Each structure stands twice: as structure tokens, then as C-alpha cells.
1. For residue 34 and residue 57, calculate 0.36 nm times their separation in residues minus their Cα-Cα distance, and state this gained length in nm to one decimal.
2. Give me the percent of the accessible area of the chain that comes from carbon and sulfur atoms, probe 1.4 Å, all protein chains in place.
3. Are there any helices in the chain, counted as whole DSSP H runs, that stretch 20 Å or more along their axis by Cα and score at least 0.5 on average by Kyte-Doolittle, and if so which?
4. Pairs of alpha-carbon atoms within less than 8 angstrom and 6+ residues apart define the contacts here; what relative contact order does the chain have, in percent?
5. Modelled label-to-label distance, residue 22 and residue 4, 7 Å Cα→beta-carbon offset: nm?
6. Indicate the gyration tensor shape class of region 18-58 (rounded, prolate or oblate), computed on the Cα atoms with a ≥ b ≥ c the square roots of the eigenvalues: a/c under 1.5 is rounded; otherwise a/b larger than b/c is prolate and the rest oblate.
7. Are there trypsin sites (Lys or Arg not before Pro) in the chain that DSSP puts in a loop and that have at most 16 other Cβ atoms within 10 Å, and which ones?
8. Could you tell me the number of lysine pairs in the chain with C-alpha atoms less than 19 Å from each other, where the two lysines are 8 or more residues apart or belong to different chains?
Amino acid sequence: MLLEDAIALRIEQLCIERNMTKYALFEKSGVPQTTLTSIKKKRSRSVKIKTLYAICEGFDISLEQFFASPLFDRKTLLD
């Protein structure tokens, strides 16, 4: 799996876990819905750390908690 796929899946997981819509995430994080959609649809090959930090703020988690998922296991990620 590519890193951008893992990031998109992780955001989706966290939205489901928290029963949060993309609009609610936008409201809490300040990350534009167009950016969230681009990440979800993998139109963006790279996500800025600043954007990920804001998304984590929206979920009220740390970057460490965001990446503490089997999705980011080195054995599953491709270059």
C-alpha cells in the first residue's frame, strides 16, 4: 500500500470511529473540504505535515496517535 492510501484510509477510519462527517472534520480542523476530498480520492500524492497536524487537531489526537495504526507498518507500505 502506498503512503497516501494509508493516510486516506486512516482518516476514513477515524471519521467512522468518531461518527464524524468530512464537514465536521473541516469545521474542527480548518482543513478545506476540497483538500480532504483530494486526500480521500488520492488526487494528492503528498500531504503536508501542517495539513496532517490540523487534521489530527480536528480529531483531538496527536500525530503519534494518527500514525499508531497497522496501516503504517513498514512491512505493508510501498515506496
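1. Residue separation times 0.36 nm, minus the Cα-Cα distance, leaves 6.5 nm.
2. Accessible surface attributable to carbon and sulfur in the chain totals 53 percent.
3. Values: long enough: 3-17 (21 Å, 0.60).
Helices meeting the span and hydropathy rule in the chain are 3-17.
4. Working: 69 pairs, mean separation 33.3, N = 79.
Reported relative contact order: 42 percent.
5. It is 1.5 nm.
6. Cα axes put region 18-58 in the oblate bin.
7. Counting only loop positions with at most 16 other Cβ atoms within 10 Å, the trypsin sites (Lys or Arg not before Pro) in the chain are 18, 41, 42, 43, 45, 48, 74, 75.
8. Pairs that pass both the separation and distance tests number 11.
The values are calculated or read from the model by the stated rules, or taken from the named source; none is laboratory data. Since the model is a prediction, treat every value here as computed from it, not as a measurement. Note that each Cβ is placed from the backbone with ideal geometry, even for glycine, and that neighbours are counted across all protein chains shown. When the accessible area is computed, the model is the full protein with side chains, heavy atoms only, and any ligands, DNA or RNA have been set aside. Shrake-Rupley method; radii C 1.70, N 1.55, O 1.52, S 1.80 Å.
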